[in-house]
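Bear in mind that the values in this text are calculations on the coordinates, not laboratory data. Just so you know, these numbers come straight off a predicted model, no measurement behind them. We place every Cβ from the backbone using ideal geometry, glycine too, and count neighbours over all the protein chains shown.
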Amino acid sequence: MAKKKDESKKIQDLEKNISTAEGKTMTTNQGLKVNDTNNSLKAGERGATLLEDFILREKITHFDHERIPERIVHARGSAAHGHFELYESQEKYTKAGIFTDTNRKTPVFTRFSTVAGSKGSADTARDVRGFAVKFYTEEGIFDLVGNNMPIFFIQDAMKFPDLIHSVKPEPDREIPQAASAHDTFYDFVSLSPETLHNHIWVMSDRAIPRSLRMMEGFGIHTFRLINKEGKSHFVKFHWKPLLGVKSITWDEAVKLHGADSDFHRRDLWDAIDAGQFPEWELGLQIVPEEDEHKFEFDLLDPTKLIPEEMVPVQRIGKMTLNRNPDNFFAETEQVAFHPGHLVPGIDFSNDPLLQGRLFSYTDTQLSRLGSPNFHEIPINRPINETHNNQRDAHMRMTVNKGKTAYFPNSLGGGCPHLAKMADGGFTSYEERLDGKKVRARSESFSDHFSQPGIFYRSLEDWEKEHVAEAYSFELGKVNYDHIKKRMLWLINEIDKSLAKKVAENLGMKIPSKIEKPINQAIGADDPGDKNEPKKRKDYLDKSEALSQTHIKTKGIATRQIAFLVSDGFNHEQFSKMKTALEKENAMVKVVGSHGGEVKCSKNESHKVDAAIMTTESVVFDALYIPGGKKSIDTLMETAKAKKFINESLKHCKAIALDGEAKDLFEATHGKDFKDDEAVCIDKQPSKFIKAIAMHRNWKREKEAKKIPA
Ligand code: HDE
């Protein structure tokens, strides 16, 4: 296959395995030409099938074994290829080539995922999103395996199976799928206060993103950067999306489960397909070693973030995703990430969660991909050569030549020989460690209320409201009062006003005390134990970076705008708006009262992208309805058209109306929102563009919530 010039080294590498059947003859896996793939070999036309039919046997056998185990967590994912470019050398902190060489365009493969649901679950579940980036560097693979939230639920890897068992469907009935709103999860959370910080993020809109392209990513743990002189700095990794951080409402998330359960997967694919490549800047928070203990929290505690006010995020480069995979299974499913895939210049910290992960990721590939040779699968193999004395095992692809598979050897000329440090040999950071062997947790890990408090206080009122509603929804699904009481007590420790709202919604009282100290999960059963949760400390009132409102974005590129029309719509208004929006790279979709084509006032035919009965308002960002008496008369009789308007209002979206469309608006709850900032009646397209760029007019929400749509 001819190589295109701009293809990365990784794409060129993958091409060795890419196969296309275009113009080719069908064969068996053994290369035998096949002339009938529809009928098995039989003893007579109506007779029994013969065991000797190797063509049937091969086809069925392969099919019987097509499935591999889905990931135990992060099973549902979507991925894309791209590259990473560095703005400025970071040699002060690290010797890693990707962070020092500004001439490189490092190929990446990035997989986003939900955590709890199965492979076929809906995209808009309330959940953390995985954000895993595989860098194919010249020095080997570097995987940055993070999430879209900067903290994790637990502090020690030992608790991971418990956390996941509690959130996954309950083992007796296998219910609920891809949802945390159930008894076992809240039983666990309410007994493990270390979960509260990540949990409040999950209750926020960060857990229901508008798009995978509009979420931040975080490495979470503290890592180390090591420079040429061997000096180490602590570092936290951040991904900042250039499209900003945007979310949908819970009502939309629920409706999207049915309207388009592949909403995020489709959105990522379509954007890349349309040449609208999503971009993220990589940010670093650097902490000098000598500052390790200057914070109110422990840098090794993965349930804490470093507020950007304390350590600013320095943006050092940009990742662009510009190519969809060719084959979901071969690439997105078989890609194997591991936080232990490192390159010289980057190293770990002693974060006990990270330390456990270092074991888990290779281990899980053995059952998921079936062999220690998973690194040979095309999507997983590095772009630089690999040589060592590991041999054989299931599905070995490499044909290793020679007699020797041991070191040292003289028969193989001593090869592969060891790398000299000057030639890029890896060495672990020489950290001095002095301590007793103990199964314990540091007391510096026992503040569980302060950072959830900072997060909540940092939110705008509309975001706070969503958090309170999410807690109320989730706890409302819990069947046991004692679990809800424990949760209310804990929420009250985070923020009294939040607990009050949730208690009211649940029709319960906030308990003034609870029967037992809550930290049994790590053995802190007795009052006064060092791991007993400490009282909240308000060392920071707010952190702007935590609210979506302060994350500025420009433009409306890739936003999906529904143009609701029927035959006879006003051509001039339609065209003026369409041209203006498309100039801004928004995606205009014609939603017709019927499928096929609609005729405008000039009697020209326009292709319908979706008939109104096949789509829903929730898949769009904004709504435009041009005038035209005949068109509006038809829409007036179409109940779904009114539902479109009412729902768009309820979800605080931008709406524009021209001419007679006003009458239709008047016949809906729109009549109460004519003066709304994001409702544009007979206005220039520029006003609508501004309204779409707001993402949502949250100021409308309090009133709009009353719309029974
Ligand atoms: Fe994972 N995690 N994890 N995790 N994780 C996996 O590895 C695990 C944790 C994350 O798109 C598994 O290949 C343990 C934190 C992502 O393929 C498994 C612990 C963070 C993905 C595993 C954690 C993550 C995974 C399942 C606690 C954010 C999907 C399949 C010690 C920093 C990667 C696989 C992809 C996947 C174990 C905690 C992120 C079982 C034991 C913290 C994004 O190995």
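Of note:
- Chymotrypsin sites (Phe, Trp or Tyr not before Pro) restricted to DSSP loop in the range 363-434 with at most 16 other C-beta within 10 Å: Tyr406, Phe426, Tyr429
- Available extension along the chain between Thr549 and Glu66 is 169.3 nm, counting 0.36 nm per residue and deducting the alpha carbon span.
- Ile175-Thr362 pseudo-label distance in nm [points 7 Å out on the Cα-to-Cβ vector]: 4.3
- Neighbourhood charge, 11 Å Cβ-Cβ cut-off, centred on Asn227 and excluding it, Lys, Arg +1 and Asp, Glu -1: +3
- Residues whose placed amide H lies under 5 Å from that of Val128, excluding near-sequence neighbours: Val115
- Sparse-neighbour loop sites [GluC sites (Glu not before Pro); the range 43-134; at most 13 other C-beta within 10 Å; DSSP]: Glu45, Glu52, Glu66, Glu88
- Positive dipole terminus of the range 554-704, leading residue within Val598, Gly659, Ser648 (C-beta point charges): Ser648
- Shape class for the range 14-168: oblate, because the ratio a/c of the largest to smallest gyration tensor axis (alpha-carbon atoms, square roots of eigenvalues) is 1.5 or more and b/c is at least a/b.
- Ordering of 22-28, 459-465 by packing is 459-465, 22-28, highest average first (other Cβ atoms within 10 Å, averaged per residue).
- Extension gain for the segment Ala611 to Phe407, taken as residue separation times 0.36 nm less the Cα-Cα distance, is 66.7 nm to one decimal.
- Cut-off 12 Å (backbone N to label point 7 Å along Cα→Cβ of Leu32), residues of the range 54-68: 54-59
- For the chain, the calculated P(r) over all alpha carbon pairs, in 10 Å bins from 0 to the bin holding the longest distance, is 3, 13, 21, 23, 19, 13, 6, 2, 0 percent.
- The distance linking the range 431-481 with the range 209-281 is 22 Å (Cα centroid to Cα centroid, whole angstrom).
- In this rough spin-label picture, where each label sits 7 Å from Cα along the Cβ direction, the Lys436-Lys513 distance is 3.2 nm.
- Relative contact order, percent, the chain [alpha-carbon distance under 8 Å, six or more residues apart]: 11
- Of the trypsin sites (Lys or Arg not before Pro) in the range 287-321, those whose Cβ has at most 11 other Cβ within 10 Å and which sit in DSSP loop: Lys294
- Debye-formula intensities of the range 582-624, expressed as log10 I(q)/I(0) at q = 0.18, 0.22 Å⁻¹, are -0.58, -0.81 (one equal scatterer per alpha-carbon, no solvent).
- The length gained by stretching the chain between Glu604 and Leu41 to full extension, at 0.36 nm per residue less their Cα-Cα distance, is 197.1 nm.
- Placing pseudo-labels 7 Å out from each Cα toward the beta carbon at Glu597 and Glu58 gives an inter-label distance of 4.8 nm.
- Over the range 450-549, the ratio between the Cα radius of gyration and 2.2 N^0.38 Å evaluates to 1.15.
- Formal net charge of residues neighbouring Asp53 (Cβ-Cβ distance under 11 Å; K, R +1; D, E -1): 0
- Where only C-alpha atoms are counted, convex hull volume of the range 197-275 per residue in Å³: 127
- Cβ-Cβ FRET estimate between Arg396 and Ala21, R0 fixed at 30 Å, reported to 0.05: 0.65
- Which of Lys542, Lys650 has the fewest Cβ neighbours within 10 Å, and the rest in rising order: Lys542, Lys650
- Per residue, the convex hull spanned by the Cα atoms of the range 306-365 measures out at 162 cubic angstrom.
- Percent antiparallel among DSSP beta bridges (both partners in the range 533-618, rounded to 5): 25
- Each DSSP beta bridge with both residues in the range 554-704 is either parallel or antiparallel, and the antiparallel ones are about 15%.
- Antiparallel content of DSSP bridges confined to the chain, in %, to 5: 75
- Total formal charge among the other residues, if their Cβ is under 15 angstrom from that of Tyr93, Lys/Arg +1 and Asp/Glu -1: -1
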